[in-house]
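J.: Structure provided below as structure tokens; questions to follow.
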Amino acid sequence: MSKLGNLGARLHRGEIGYDFVKNRKIWYGLSILITITAIVGLAVRGLNMGIEFQGGAVFNTPKNMSVSVAKAEEYAETASGHDAIVQKLGDGSLRIQVAGIETDKANQIKAQLSDDLKVNSEQINAELVGPSWGEQIADKAWQGLGIFLILVVIYLAIAFEWRMALAAFVALIHDITITVGIYALVGFEVTPGTVIGLLTILGYSLYDTVVVFDSLKEQTKDLTKQTRWTYSDVANRSINSTLVRSINTTVVALLPVAGLLFIGGGVLGAGMLNDISLSLFVGLAAGAYSSIFIATPLVADLKEREPQMKALKKRVLAKRAQAAAKGETGAQADGEVYADEPEDAAPAVVGPRNQPASRSRGRGRPSGKRR
């Protein structure tokens, strides 16, 4: 078995682990800091909305143009009076995008570009996008996102409970805010591909969260009938038992997305890949983080405010204090202090799982008979 596979098996059995819930304030603080940075970037710089949302025109030139991208950008900005985005495609043609212009001005810009680029105006293909159409796209995107979040909360509340639904909702908002804030800070263009990427990563983040929640739900059945483990202990176990799986799926998903973003968009200059690949890359990473460090610790916080879980935690801590007072550790504590607990009680969370110490009952003792 590989080292990673062996690590995953030991995490699943509870032999080793990391106390995620105990250090939850660190993760909350880190998430708040990142979220505030994203919100500030969004408020200060704003989003670079694509032509599909603002309206404008896209001009495609003939193949094998000898004009440089910088020169074509200068021509387009002079002709339109607006900022222009120019991309050189694989066949040598230029894609000139000018946002925020009226459609009736497109013919004038097209004529000016044909003179500057020294090509026939009929060879320049113009695609016009009205601002009203862009507003409709934006409204539909927000409606789709809102419906998605509502359905997610309803499903999780039915399949699990409202606390898990709330924690998953907070994690999803966390992922959206960070991804949108990164777009504002980097300045990448927001297109319909970006919206598709956002919805994709939200589904992925939700899947990762549900995997942990399902494990947590299974392990907390009849939890109040024992006094070995608190809800936080079992939440830790759920995270640790699915940790390697979450890491593996996240890394496998990030590798092709990283290829699109850094190689396709960065090295090869295929800028059209940036709009969807950045949202996928940031969202996948944020989704994996929020599933482990935000959603499950938040569920543990909410659950341990219940009277039953408060009473359970009090009993567990009292038993542990009793064991510590007697100087019992490990197997002794399991065998003596918790001797009244069922064998299928909730599993251990952090540290090795020790077996109860065997006791000899009268073995080797004299019978008491006198000769």
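What follows draws every value from the coordinates through simple rules; no lab data is involved. These figures come from a predicted structure and were not determined experimentally. Note that each Cβ is placed from the backbone with ideal geometry, even for glycine, and that neighbours are counted across all protein chains shown.
J.: Tell me, what is the FRET efficiency for Val69 and Asn120 to the nearest 0.05, using R0 = 25 angstrom and their Cβ-Cβ distance as r?
T.: 0.75
J.: While we're here: How large is the dipole of the range 177-321 about the Cα centre if only Lys and Arg carry +1 and Asp and Glu carry -1, each at its Cβ, rounded to the nearest 20 debye?
T.: Rounded to the nearest 20 debye, it is 1160 debye.
J.: Let me check I've understood the local charge: for Gly55, count other residues with C-beta under 9 angstrom from its C-beta, Lys and Arg +1, Asp and Glu -1. What total comes out? Please report the intermediate quantities before stating the final value.
T.: On the way: positive: none; negative: Glu52, Glu102, Glu135.
The answer is -3.
J.: Could the peptides 25-32, 282-289 be put in order, highest first, of the mean number of other beta-carbon atoms found within 10 Å of their residues?
T.: Top to bottom by mean Cβ count within 10 Å: 282-289, 25-32.
J.: Assuming R0 = 30 Å, can you tell me the calculated FRET efficiency for the pair Ile26 and Arg245, based on Cβ-Cβ distance, to the nearest 0.05?
T.: Working: r = 23 Å, r/R0 = 0.78.
That gives a FRET efficiency of 0.80.
J.: Let me ask something additional. Under 26 Å between alpha carbons, and skipping anything fewer than 8 positions from Lys105 in its own chain: which lysines qualify?
T.: Output for Lys105: Lys63, Lys71, Lys88, Lys118.
J.: Would any residue of the range 38-60 have its amide N under 14 Å from a label point 7 Å out along Cα→Cβ of Gln112? List them or say none.
T.: Hits in the range 38-60 for Gln112 at 14 Å: 57.
J.: Report the label-to-label distance for Lys105 and Asp91 in nanometres (one decimal), using points 7 Å from each Cα along the Cα→Cβ vector.
T.: 3.0
J.: Run the simple label-point estimate for Phe262 and Lys310 please: 7 Å along Cα→C-beta, distance reported in nm.
T.: Each label point is offset 7 Å from its Cα along the Cβ direction, giving 5.0 nm.
J.: Which peptide among 255-262, 174-181 comes first, and what is the full order, when sorted by highest mean count of other Cβ atoms within 10 Å? Can you show the working numbers first?
T.: Details: 255-262: 15.5, 174-181: 22.5.
Highest-to-lowest ranking by the protection proxy: 174-181, 255-262.
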